[in-house]
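Below is one structure, written out as structure tokens, with a few remarks after it.
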Amino acid sequence: MHFRSIRKLQVEDWFMLVVFCMYTVLIVFLNICADVSTNLIDPADVENLSPQDIKDRIYGSKCVLVVESAMCFVQWGTKACLLALYFRLTQNLRQAIIVKTAAVYCFTTYVVMISLYYGYWCRPFTAFWDTPTPNIQCATQIHHLVSSNTVVAYPRSNDCYRL
């Protein structure tokens, strides 16, 4: 290490370690999601599902929920780390107000996105993994994908819609 001691790391370095851990969780669950099915199914196929298929699809839907949560945290966490670094670089300059404004904007958009994702777009919360789901939004998460401008492709899954 450049500083020769882990105790000399700055706040943004520690936070980036947390982001790195969440990134690891994201990659692990993306690989799990590549091999599982979710509650995104054709309504005509619901009657053909066995109890084991339903259990597998519930597990897959919960994995997708973890992936989306981890992805949002990694994206906004990386932004926060960069803003902390920029704040340190512009501490005594006029440009610090721009960094502060961007930090407030970043924090606000993260809170709004997470609030909408967990509290508004899919009610009740258990509908995220209900099979079949009563609300197609809970399975497709179209509002979340459009709002966060994030598209995740599961290469070996047949349960993915393209926007």
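Could you please let me know if ASN158 is polar (S, T, N, Q), open to solvent by 70 Å² or more (accessible area, probe 1.4 Å), farther than 19 Å from GLN75 by Cβ and modelled with pLDDT under 85? Judged against the criteria, ASN158 is a match. Of the residues making up the stretch 122-145, just one is open to solvent by 50 Å² or more (accessible area, probe 1.4 Å), of a type in the set (S, T, N, Q) and under 23 Å from ALA44 (Cβ atoms), namely ASN135.
Is it true that some residue in the stretch 10-18 is part of a helix (DSSP H, G or I) and among the polar types (S, T, N, Q)? For the stretch 10-18, residues part of a helix (DSSP H, G or I) and among the polar types (S, T, N, Q): absent. Looking only at the stretch 90-121, residues that are among the small types (Gly, Ala, Ser), surrounded by 12 or more Cβ atoms within 10 Å (Cβ to Cβ) and within 30 Å of SER69 (Cβ to Cβ) come to 2 in all.
Among the residues of the stretch 23-38, those that are of a type in the set (A, V, I, L, M) and surrounded by fewer than 18 Cβ atoms within 10 Å (Cβ to Cβ) comprise VAL25, ILE27, VAL28, ILE32, ALA34.
Counting residues in the stretch 25-42 that are in contact with a helix residue (DSSP H, G or I) (Cβ under 7 Å, 6 or more places away or on another chain), modelled with pLDDT under 90 and part of a helix (DSSP H, G or I) gives one or more. Scanning the stretch 58-75 for residues that are among the small types (Gly, Ala, Ser) and under 10 Å from the mean Cα position of the chain (by Cα) turns up SER69, ALA70. Residues to consider are THR78, THR90; find the one that is more than 21 Å from the chain's Cα centre (by Cα), at pLDDT 90 or above and of a type outside the set (A, V, I, L, M, F, W, C). The unique qualifying residue is THR90.
The values are calculated or read from the model by the stated rules, or taken from the named source; none is laboratory data. These numbers were taken from a predicted model, which means no experiment stands behind them. Heads up, the Cβs are rebuilt from the backbone with ideal geometry, glycines too, and the neighbour counts pull from every protein chain shown. Just the protein is used for accessible areas: all its heavy atoms, side chains included, with ligands, DNA and RNA removed. Shrake-Rupley method; radii C 1.70, N 1.55, O 1.52, S 1.80 Å.
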